[in-house]
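The values are calculated or read from the model by the stated rules, or taken from the named source; none is laboratory data. This one's a predicted model, so the numbers in the text were calculated from it and none came from an experiment. Positions of Cβ are generated from backbone atoms using ideal geometry, with glycine treated the same way; all protein chains shown enter the neighbour counts. The area values use the complete protein model at the heavy-atom level, side chains included, leaving out ligands, DNA and RNA. Shrake-Rupley method; radii C 1.70, N 1.55, O 1.52, S 1.80 Å.
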Amino acid sequence: MTKKAISIWVYNDEGASELSVKSALATAQAKLSANYTIEVCTISSKDILDNKLDDETQDLGILIMPGGADLPYCKKLNGIGNDIIRDFVHRGNLYIGICAGGYYGARGIEFLGQGYEITGARELAFFSGTAIGSIKSFTNGQLYDEKVTSKAVITLDYTDGKQDDVYYHGGAYFLSDENAAFDTLATYSNGKNAVITGGFGQGQYLLSGVHFELCPSTYNQYAVAQADEADMEQETHFLTTIRHKHYGSLIYQEIEQMINKVFS
């Protein structure tokens, strides 16, 4: 029996973190390829506007919006670009939003970083609610910036009773509007929504406040190898977590279930 073919598109344009993009390219292939024929490629805002999502997607398409910064996503995609993405998902494909991509997939954003604030509506609005961060209680009161002190390893509580240690760096919790239709996959230790899923037309979305996509060799290259001596111990601690054999697997298992649901 021929395996069904999936095109996984990882957004790579202004605002996208190189660490998140390269990690997603590696781990999506490794975690999902057992049951499907997988093609993983990057996609730019120009590609989206040129209808590459429509023209080159195989049996099923997955768009991964990685970590980074969502204002440049708005700059490049507001209007026609976001309409194309919404239509892509509505027709029976998947949207996976990680950290900045999670903020981007909500109806609104309330973000507080070190010395700056970002608030406003977002056009994709797969989730009827607001993505709110950063969560300074995880980082000893430190708001998001590029320093190691705004990073943390935290424990997620899954709705099936499992737990998982994951890397956090500025992500959101997801506060729903009244009567919003969505499912909680995992919560933070404070009980707030960390990873959520839902339907949009014939498609599905998953929004994550944590970096489940990270690849050990990529993190070593982009974070550990570039850390100064004062940060090395903490960065090595993060790498040890990411190196765990099953790192990110619980969320990738949910994505596989979403794929099965859409294919059925």
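Structure values in brief
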item	result
Cα gyration tensor shape of segment 114-171, rounded if a/c is under 1.5, else prolate or oblate by comparing a/b with b/c	oblate
For the chain, calculated [θ]222 nm from helices alone, where every DSSP H run of n ≥ 4 adds -39500 (n - 2.57)	-8500 deg cm²/dmol
Accessible-area composition of segment 27-175, carbon plus sulfur, in percent [1.4 Å probe]	46
Segment 145-160 residues near the modelled GLN234 label - backbone nitrogen below 12 Å, point 7 Å along Cα→Cβ	145-153
Surrounding net charge for PHE174, when Lys and Arg each add one and Asp and Glu each subtract one, Cβ distance under 13 Å	0
For GLY248, distant residues with modelled amide H under 5 Å away	none
Loop-located trypsin sites (Lys or Arg not before Pro) in segment 81-140 whose Cβ has at most 16 other Cβ within 10 Å (DSSP)	ARG91
Taking N as its residue count, the alpha carbon Rg of segment 89-232 over 2.2 N^0.38 Å	1.07
For segment 78-122, radius of gyration divided by Kirkwood radius, i.e. Rg to Rh on alpha-carbons	1.05
Pair ASP87, ALA181: separation of 7 Å Cα→Cβ label points (nm)	2.3
³J(HN,Hα) computed for each position of segment 223-233 - Karplus, 6.51 cos²θ - 1.76 cosθ + 1.60, integer Hz, glycine/proline x	10, 5, 5, 9, 6, 7, 4, 5, 9, 4, 4
Segment ALA34-GLN142, length gained on full extension (0.36 nm per residue, minus Cα span)	34.9 nm
Antiparallel bridges, percent of DSSP beta bridges restricted to the chain (to nearest 5)	55
Quarter of Cα convex hull surface for the chain, i.e. mean projection, nm²	13.6
Difference of contour (0.36 nm per residue) and Cα-Cα distance, GLU256 to GLN114	47.5 nm
Charged-residue dipole, Cβ positions (Lys, Arg, Asp, Glu), the chain about Cα centre, Debye nearest 20	420
Value of relative contact order over the chain, rounded to a whole percent, pairs C-alpha under 8 Å and six or more apart	18
Phi-based couplings in Hz for segment 254-264 (Karplus 6.51, -1.76, 1.60; Gly and Pro marked x)	5, 4, 5, 5, 5, 4, 4, 5, 5, 5, 6
For segment 61-112 versus segment 226-259, the gap between their alpha-carbon centres in whole angstrom	23
Cα-based Kirkwood hydrodynamic radius, segment 1-138, one decimal, Å	15.4
Approximate spin-label separation ASP54-ALA121, in nm, with each point projected 7 Å along Cα-to-Cβ	2.5
5 angstrom amide H check on SER17, placed H, neighbours 5+ away	GLY67, GLY68, ALA69
